[in-house]
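The values are calculated or read from the model by the stated rules, or taken from the named source; none is laboratory data. Since the structure is predicted, the reported quantities are computational estimates derived from the model, not experimental observations. No Cβ is skipped: glycine too gets one built from the backbone with ideal geometry, and neighbour counts run over all protein chains shown. Side chains are part of the model used for accessible areas, which takes the heavy atoms of the whole protein and leaves out ligands, DNA and RNA. Shrake-Rupley method; radii C 1.70, N 1.55, O 1.52, S 1.80 Å.
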Amino acid sequence: MLLLTLGLLLFALTHLYPSLWPAHRAQLRERLGEQRYKGLFSLAVFVAFGLLFAGWRATLPEPFYTPPAWGRPAAMVMLPLGIWLVCCSFGPNHLRRWLHHPQLLGFMLWAVGHLLVNHEGRSLLLFATLALWALASLLLILRRDGWHTQVAAPDWRADLACFAGAAALVATLLIGGHHWLTGIALIPR
């Protein structure tokens, strides 16, 4: 679980850094320049994902708790909804006008949905940490920026594109993408 833990730490700290230390971030951006800063940030996220995937696959799934009986039906609603909310964080859609950060809300739904169906220790570590990271990030952003996001002229075409993108992603995960990523098939063969 060491690789999984290191990946989670790197992912969370990389994403929390701008909100927790904005003055240091501004200095670093000024010293490196915008493009180098973004490149360094992207590299850190890429390494974090590599550690997460390697750590997930290297850790044996050992039962840790018993998921609730209602967990699977609830997760089947929460997971696609979470994916749709993440997709709604892109483009000038109406949901971004009503919700400050749909991506983090979607990420929390996605993580909690996984906790309702997965019962092993690696899932608890991964999804509980990601849910806590998303909650902490959302609270820090709300403290800094307030609740409302300025969206220039929301467009229903953007809403449709978000829904279509989420539907395509869910379909991809169902027909084998989840198995390819995690080694766990969503639809038994």
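What to note about this one:
- Residue within region 67-80 that is assigned by the TED database to the domain that holds residue 16, open to solvent by less than 30 Å² (accessible area, probe 1.4 Å) and out of contact with any Ser or Thr (no Cβ under 9 Å at 6 or more places or on another chain) present: no
- 1 or more residues within 19 Å of the chain's Cα centre (by Cα) and farther than 19 Å from residue 184 by Cβ: qualifying helices (runs of 4 or more DSSP H) within region 22-130: 34-58, 71-87, 95-98, 102-117
- Close contacts from region 166-183, counting a first residue that is free of Cβ contacts under 8 Å to residues at least 24 places away in the same chain and within 18 Å of residue 88 (Cα to Cα) and a second that is among the hydroxyl-bearing types (Ser, Thr, Tyr) and open to solvent by less than 40 Å² (accessible area, probe 1.4 Å), with Cβ to Cβ under 7 Å and a gap of 6+ residues or different chains, come to none at all.
To keep it simple, each residue is scored yes or no on (1) open to solvent by 80 Å² or more (accessible area, probe 1.4 Å); (2) touching a residue at least 40 places away in the same chain (Cβ under 8 Å).
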residue	(1), (2)
24	yes, no
27	yes, no
30	yes, no
33	no, no
38	yes, no
46	yes, no
53	yes, yes
59	no, yes
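- For region 133-160, filtered to residues that are open to solvent by less than 60 Å² (accessible area, probe 1.4 Å) and small (Gly, Ala, Ser), the residue that is nearest to residue 118 (Cα to Cα) is 134.
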